[in-house]
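The values are calculated or read from the model by the stated rules, or taken from the named source; none is laboratory data. Just so it is clear, the structure is predicted and the values come from calculations on it, not from any experiment. All Cβ positions, glycine included, derive from the backbone under ideal geometry; neighbour counts span all protein chains shown.
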Amino acid sequence: MAMDFDDMLRKIKDRQWALADIEWDAPGAEMISPELHAKLKPFMADLMWIENVGARGFAAMAKKAPTETLREIYRYFHAEEQKHANAELALMRRWGMLDGDEIPQPNINVKLVIDFLDQYADSMSLSFLGTVIPMLEVALDGALVKFIMDEIEDPVCQEVFKRINADESRHLAVDFAVMDVLGHAEIRKLLIELVGGWVKPTFMIGVLSYVPLLNKMRDNIVAMGVDEEKLYAALKRYGNVGERSEFARRLPMYQIVKMHGGWVINRHHPYHLVADALVKITARVPKVLLRKDPTWSKEITYEPAA
Amino acid sequence: MKTIDVAIIGAGFAGIGAAIRLRQKGIHDFTLFERGTKIGGTWRDNTYPGAACDIPSRLYSYSFARNPDWSHTYSGSNEILGYIESMAADYGLHERIRFGHTVAGIEFDESAGHWTIDIEGRDPVRARSVVLASGPLANASFPAIRGIEDYEGHKIHSARWDHDYDFTGKKVAVVGTGASAVQIIPELVKQAASVKVFQRTPGWVLPRVNRRTSPLLKQLYRQVPASESLARQAWFYGHESVALGVVWNTPLTRVVEMVGKAQLRRQVKDPWLRRQLTPDFRAGCKRLLMTDDYYPALQQDNCKLITWPIARLSEKGIRTAEGVEHQADCIVFATGFDVSKAGTPIPIVGRDGRVLAQEWSKGAYAYKSVAVSGYPNLFFTFGPNSGPGHNSALVYMEAQLDYLSGAIKTILDRDLRLLDVRREKQDRYNAAIQRRLTATTWNSGCHSWYLTEDGFNATMYPGFATQYVNQLRTLKLDDYEVVESVPARPKIAAVS
């Protein structure tokens, strides 16, 4: 059944929470062992920055959405992704992972994706963004959040991620509902948008940023001592949920993203030769070649009040 | 109870203008009912720092009440209020104004042909004609934000400024980025410790070149009135030409947008801030903002633009959807007015007990924005669909005043009991207005205060000011039901 977006917007507004609702100094921080602490720090830094990837995607979608309600929903989602990043930073501070006021930097692959989105997301069509952003959400955000909830016992962390999870489930519900709506378009229009999107030279930059990101995050998960199947299960979810909608299936871009997901979870697929090579190449990209961080990325804060 | 010829409700720009026009037409039996203790309406109420008009004063004034002495191209609220006061003084209107008289409602007595005006805490008054000059921007509107009552700091509405509050060293939040906000923010930034500006949708900002009028020019305007008229005409036609890009979506709309974008590029260097300040609707769809000071003020070290949706107000400040509580000593609500697009500012009961608020519940309408069928001898200033998007409101108002004073003169000269616009004429007029509105920028998809919740445009006039003025030039009595007073029966001579 089609989603009632007005009702969803009401729900989103009703369920807003703030950093001030969390007792950041409550006991439980000591439950992070020194060994876990060392592994968790870069992982959290990446997670926090991946929230920003979603945030930037939603910011672009807010400009493209066909109705005012959907625009407003995306404006909230943009802000909520920032809230998740803020909360994750606040957890890092709670666990003593921050060096003064310094904001930890993301890995190079996250940085490349942020850089790409910042430059090109606003010029991408809704059907492009509306199919790729859900994959990033299920694969990265969803899988990593699930991992944290499974592995970290700190009750404050549990509370924070329970709230984040609830937000994310609304994001995904809207993501797939929008894919369903987008799938109602004429095939001719969808194909034109697909070709129009792929022929842009900038799109290749996006692909070259996106491909190593997934493999890099897989490497990170493995480095944390976790079964990579958790990431793969999340990637499969994109296809499983998408298949439920007759119309989402009509989206050529959905089929492409799903097919790519299939390659990622098959470790024997030749795709990994390219993707793993790209992870190695991108790790060597000299810093001078990277653009300056956009000002929005400096908005991140662990302070509940400003 | 005595019946006066004309009751004017409101002593703002419209009420004072109506009184002058009536007096100039030889009508002297009128009274103005004003709920406040001073005249001036919107310009009495809007005294926030930086308050000014974004239409040049030469054009934002009545042609029948000249003022050669405007100090700048665009005047501040004090000077405009002074102008209104000087008009009232010049025409000896103060003795005709009943201050502290809040009109609670009006009701028409068809058999007698007069309106009964209920006034809070006082005896009612009867009038043969009523001019409703209460103005669309009379009632300040706080936004419907969750928890607005929870906030324990100081709250100020732009239209009810608290001049006793000292902003020095204070943390201030400003909600809204419309016409008032872009004037207030640069002033607050000069004073407050920090200013956070909460924006929902950015507007199109165009440059405003405000020059001081030289003494020589003032002297010329004083000594050669034709030169002032010429200047006014030049401003008028300059603004009329803007309608081509602002009222309708045309290639010229792109030109207006290019000017806005050029100003943004010139004044804002950071790409993300520029993105946040770039409107996503066509220029003209919402009120254009005219200022050179707003963007630079936003980039001062003590100022910050916040575009996250407001989740709620808390005891100490504003919580936005990115989870942060933005604490403030004072919140300034520059959130506009409770504009009557549906319903009426006061209860109005017309012929056969009909209630105008009910008829207007889905959106207001009128005949040429001035009269409504079923409500005889009642005239609106700034009635439905009389809003300008590109020209001076005073030009529209002056046309209304000429029209209604002519109609009232007709009522009095011909001793009419009723002058009631015919329903079919009104319907035909409104069908045409709504049809024409579909092609305008205001109905092009953005949400603005011009539209009701259902998207009905009861506010704007879809055309040139010249067209609006022309349609009100003559009173076509054929469009009205005209009922003369029943001649008094000849007295029967007493039989001795």
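Residues of region A:4-27 being away from chain B (no Cβ under 14 Å) and surrounded by fewer than 16 Cβ atoms within 10 Å (Cβ to Cβ), which ones? Walk me through it before giving the result.
Keep residues of region A:4-27 that are away from chain B (no Cβ under 14 Å), which gives A:4-5, A:7-8, A:23, A:25-27.
Scanning region A:4-27 gives A:Asp4, A:Asp7, A:Glu23, A:Asp25, A:Ala26, A:Pro27.
Working only within region A:206-225, note down all residues that are buried (at least 18 other Cβ atoms within 10 Å of the Cβ) and either in contact (Cβ under 8 Å) with a residue 60 or more places away in the chain or in a loop (DSSP other than H, G, I, E, B) (or both). Walk me through how you get there before you give the answer.
Residues of region A:206-225 buried (at least 18 other Cβ atoms within 10 Å of the Cβ): A:206, A:209-218, A:220-221.
A:Gly206, A:Ser209, A:Tyr210, A:Val211, A:Pro212, A:Leu213, A:Leu214, A:Asn215, A:Lys216, A:Met217, A:Asn220, A:Ile221, listed by residue number.
Hey, among B:Gly336, B:Gly387, B:Gly343, B:Gly363, which residue is more than 14 Å from every other protein chain (Cβ to nearest Cβ), farther than 26 Å from B:Phe30 by Cα and in contact with a strand residue (DSSP E or B) (Cβ under 6 Å, 6 or more places away or on another chain)? Before you say what the answer is, go through the steps one by one.
On the way: B:Gly336 fails: in contact with a strand residue (DSSP E or B) (Cβ under 6 Å, 6 or more places away or on another chain); B:Gly343 fails: in contact with a strand residue (DSSP E or B) (Cβ under 6 Å, 6 or more places away or on another chain); B:Gly363 fails: in contact with a strand residue (DSSP E or B) (Cβ under 6 Å, 6 or more places away or on another chain).
Going through B:Gly336, B:Gly387, B:Gly343, B:Gly363 in turn, the sole match is B:Gly387.
For region B:435-448, give me each residue that is buried (at least 17 other Cβ atoms within 10 Å of the Cβ), in a loop (DSSP other than H, G, I, E, B) and not small (Gly, Ala, Ser).
B:Thr441, B:Trp442, B:Asn443, B:Cys446 - these are the residues of region B:435-448 that are buried (at least 17 other Cβ atoms within 10 Å of the Cβ), in a loop (DSSP other than H, G, I, E, B) and not small (Gly, Ala, Ser).
Per-residue answers, yes or no, for (1) surrounded by fewer than 16 Cβ atoms within 10 Å (Cβ to Cβ); (2) closer than 30 Å to B:Tyr151 by Cα; (3) within 13 Å of chain A (Cβ to nearest Cβ):
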site	(1), (2), (3)
B:His239	no, no, no
B:Val268	no, no, yes
B:Thr291	no, no, no
B:Tyr294	no, yes, no
B:Ile318	no, yes, yes
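So, of the residues in region B:241-253 that are under 28 Å from the mean Cα position of the chain (by Cα) and over 14 Å from B:Gly463 (Cα atoms), which turns out to be surrounded by the fewest Cβ atoms within 10 Å (Cβ to Cβ)? I'd like the intermediate steps shown before the answer.
Taking region B:241-253 and keeping what is under 28 Å from the mean Cα position of the chain (by Cα), we get B:241-250, B:252-253.
Narrowing the set further to residues that are over 14 Å from B:Gly463 (Cα atoms) leaves B:252-253.
Working: B:Leu252: 17, B:Thr253: 20.
The extreme case among them is B:Leu252.
Answer yes or no: is there a residue in region A:36-55 that is in contact with a His (Cβ under 7 Å, 6 or more places away or on another chain), crowded, with 21+ Cβ neighbours inside 10 Å and more than 10 Å from chain B (Cβ to nearest Cβ). Don't jump to the end; show me each part of the working.
Restricting attention to region A:36-55, the residues satisfying the condition of being in contact with a His (Cβ under 7 Å, 6 or more places away or on another chain) are A:51, A:55.
If we keep only those that are crowded, with 21+ Cβ neighbours inside 10 Å too, we end up with A:51, A:55.
Imposing the further condition that a residue be more than 10 Å from chain B (Cβ to nearest Cβ) reduces the set to A:51.
Yes, there is a match, as at least one residue in region A:36-55 is in contact with a His (Cβ under 7 Å, 6 or more places away or on another chain), crowded, with 21+ Cβ neighbours inside 10 Å and more than 10 Å from chain B (Cβ to nearest Cβ).
The rows are residues; the columns are (1) in contact with a Pro (Cβ under 7 Å, 6 or more places away or on another chain); (2) within 21 Å of B:Phe198 (Cβ to Cβ).
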position	(1), (2)
B:Arg275	no, yes
B:Pro279	yes, yes
B:Ala283	no, no
B:Gln299	no, yes
B:Arg312	no, yes
B:Ile346	no, no
B:Arg354	no, no
B:Gly363	no, no
B:Phe379	no, no
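Out of A:Pro104, A:Pro66, which single residue is within 14 Å of chain B (Cβ to nearest Cβ) and assigned to a loop (DSSP other than H, G, I, E, B)? Lay out the reasoning, then the answer.
Numbers: A:Pro104 fails: within 14 Å of chain B (Cβ to nearest Cβ).
Only one candidate passes the filter, namely A:Pro66.
Can you tell me which of (1) more than 14 Å from chain A (Cβ to nearest Cβ); (2) at pLDDT below 95; (3) crowded, with 21+ Cβ neighbours inside 10 Å is the one B:Cys285 doesn't meet?
(1)
In region B:100-107, is there at least one residue being more than 24 Å from B:Gly389 (Cα to Cα), touching a helix residue (DSSP H, G or I) at 6+ places or on another chain (Cβ under 8 Å) and surrounded by fewer than 17 Cβ atoms within 10 Å (Cβ to Cβ)? Break it down into steps so the answer makes sense when it comes.
Taking region B:100-107 as the starting set, the residues that turn out to be more than 24 Å from B:Gly389 (Cα to Cα) are B:100-107.
In the following step, the residues that additionally are touching a helix residue (DSSP H, G or I) at 6+ places or on another chain (Cβ under 8 Å) were identified as none.
Checked against the condition, which is being more than 24 Å from B:Gly389 (Cα to Cα), touching a helix residue (DSSP H, G or I) at 6+ places or on another chain (Cβ under 8 Å) and surrounded by fewer than 17 Cβ atoms within 10 Å (Cβ to Cβ), region B:100-107 yields no hits at all.
Being polar (S, T, N, Q), surrounded by 21 or more Cβ atoms within 10 Å (Cβ to Cβ) and in contact with an Asp or Glu (Cβ under 9 Å, 6 or more places away or on another chain), is that true of even one residue in region B:175-185?
yes
Mind telling me which of the residues A:Val181, A:Val145 ends up being under 14 Å from A:Tyr254 (Cβ atoms) and either crowded, with 24+ Cβ neighbours inside 10 Å or not small (Gly, Ala, Ser) (or both)? Spell out the reasoning first.
Numbers: A:Val145 fails: under 14 Å from A:Tyr254 (Cβ atoms).
Answer to the selection: A:Val181.
Looking at (1) part of a strand (DSSP E or B); (2) farther than 30 Å from B:Ser485 by Cα; (3) small (Gly, Ala, Ser), can you tell me which one B:Gly147 breaks?
With (1) part of a strand (DSSP E or B); (2) farther than 30 Å from B:Ser485 by Cα; (3) small (Gly, Ala, Ser) applied to B:Gly147, the lone miss is (1).
In this structure, does B:Val324 turn out to be out of contact with any Phe, Trp or Tyr (no Cβ under 6 Å at 6 or more places or on another chain), surrounded by 23 or more Cβ atoms within 10 Å (Cβ to Cβ) and either without any contact (Cβ under 8 Å) to a residue 40 or more places away in the chain or within 14 Å of chain A (Cβ to nearest Cβ) (or both)?
Values: out of contact with any Phe, Trp or Tyr (no Cβ under 6 Å at 6 or more places or on another chain): yes; surrounded by 23 or more Cβ atoms within 10 Å (Cβ to Cβ): yes; either without any contact (Cβ under 8 Å) to a residue 40 or more places away in the chain or within 14 Å of chain A (Cβ to nearest Cβ) (or both): yes.
Considered against the rule, which asks whether it is out of contact with any Phe, Trp or Tyr (no Cβ under 6 Å at 6 or more places or on another chain), surrounded by 23 or more Cβ atoms within 10 Å (Cβ to Cβ) and either without any contact (Cβ under 8 Å) to a residue 40 or more places away in the chain or within 14 Å of chain A (Cβ to nearest Cβ) (or both), B:Val324 comes out as yes.
Taking region B:152-174 only, how many residues are part of a loop (DSSP other than H, G, I, E, B) and either surrounded by fewer than 17 Cβ atoms within 10 Å (Cβ to Cβ) or among the hydrophobic types (A, V, I, L, M, F, W, C) (or both)? Steps first, answer last, please.
Within region B:152-174, the first condition is being part of a loop (DSSP other than H, G, I, E, B), and the residues that meet it are B:152-153, B:158-159, B:161-170.
If we keep only those that are either surrounded by fewer than 17 Cβ atoms within 10 Å (Cβ to Cβ) or among the hydrophobic types (A, V, I, L, M, F, W, C) (or both) too, we end up with B:152, B:159, B:161-169.
Count: 11.
So B:Ile310 clears everything in (1) under 22 Å from B:Ile184 (Cβ atoms); (2) away from chain A (no Cβ under 14 Å) except one condition, right? Which one?
Single failed check for B:Ile310: (2).
Return the total of residues in region B:31-53 being within 20 Å of B:Pro186 (Cα to Cα) and hydroxyl-bearing (Ser, Thr, Tyr).
Final tally of qualifying residues: 2.
Inside region B:7-26, can you point out the residues that are of a type in the set (A, V, I, L, M) and more than 17 Å from B:Met87 (Cβ to Cβ)?
Of all residues in region B:7-26, those of a type in the set (A, V, I, L, M) come to B:7-9, B:11, B:14, B:16, B:18-20, B:22.
Passing the criteria: B:Ala7, B:Ile9.
Show the residue pairs meeting these rules: Cβ distance below 6 Å; 6+ apart or different chains; first residue within region B:274-299 and under 21 Å from B:Pro56 (Cβ atoms); second residue among the hydroxyl-bearing types (Ser, Thr, Tyr) and outside any loop (DSSP other than H, G, I, E, B).
Hits for this filter: B:Ala283/B:Thr253.
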